[in-house]
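Read through the structure below, which is laid out as structure tokens, and then see the notes.
Derivation of every value follows stated rules applied to the coordinates shown; laboratory data play no part. No experiment lies behind these values; they were computed from the predicted model shown. All Cβ positions, glycine included, derive from the backbone under ideal geometry; neighbour counts span all protein chains shown.
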Amino acid sequence: MSFSPFPDYKFKSILDISPDFLKENGIELLLLDLDNTVSPYKTQAPDSTVTAWAEKMKKAGIRLFIVSNNRGDRPKVFAEALDINYIGRAGKPFTAGVIQAMDYSGAEKKNTALAGDQVYTDVLAANGAGIKSILVEPIKFTNPLLAIRYALELPFRRAKKRSCV
């Protein structure tokens, strides 16, 4: 386990992550951050592109699971719309929510990755749990405080291990 802030992979969007890429890297379970990764903040349901991407993943045998720090009903709403499991209030960067999702799914660390838009929550949680970390660009900048946080993450975003962009 490493608490490294450096992601294993970087993509522009979750929509750019393909089932082939995941399979080539031994990933069977993809944990997903919700806010600004799957959908912009405050959006009430996944759009058709996310729904189609999730279906393509599931048809290819990739299991999806939302692991979100969101404290509201949003994780449940999105999980039900995508027909996948979820954990809200996951407490990232701590690893308990990530480990709980893997345990629930019966997945091994070597076959699990977490995709998210934030280094200090998503990447740290994935790396700390000993799974692969996938950093995506945030969908939309709406909160000035998050923009500052993203700016503080720039050195880690630029120094990724492998870019898939």
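Structure above, values below:
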read-out	value
When each of 56/109; 76/132; 58/132; 42/109 is checked by Cα-Cα distance, pairs over 27 Å	42/109
With at most 14 other Cβ atoms within 10 Å, longest stretch of the chain clear of loop trypsin sites (Lys or Arg not before Pro) (DSSP)	90-139
Scaled radius of gyration (Cα, divided by 2.2 N^0.38 Å) that segment 9-163 gives	0.94
Theoretical gain in end-to-end length, residue 151 to residue 49 [0.36 nm per residue, Cα-Cα removed]	33.9 nm
Karplus (6.51, -1.76, 1.60) ³J(HN,Hα), θ = phi - 60°, over segment 61-71, in Hz, Gly and Pro reported as x	x, 8, 8, 10, 7, 7, 10, 10, 7, 4, 9
Extended-chain gain in nm, criterion 0.36 nm per residue less alpha-carbon gap, residue 103 and residue 83	5.3 nm
Loop-exposed chymotrypsin sites (Phe, Trp or Tyr not before Pro) per DSSP, neighbour cap 12 Cβ within 10 angstrom, longest uninterrupted part of the chain	4-140
Sum of -39500 (n - 2.57) over DSSP H runs of 4+, divided by residues of the chain (222 nm, nearest 500)	-9500 deg cm²/dmol
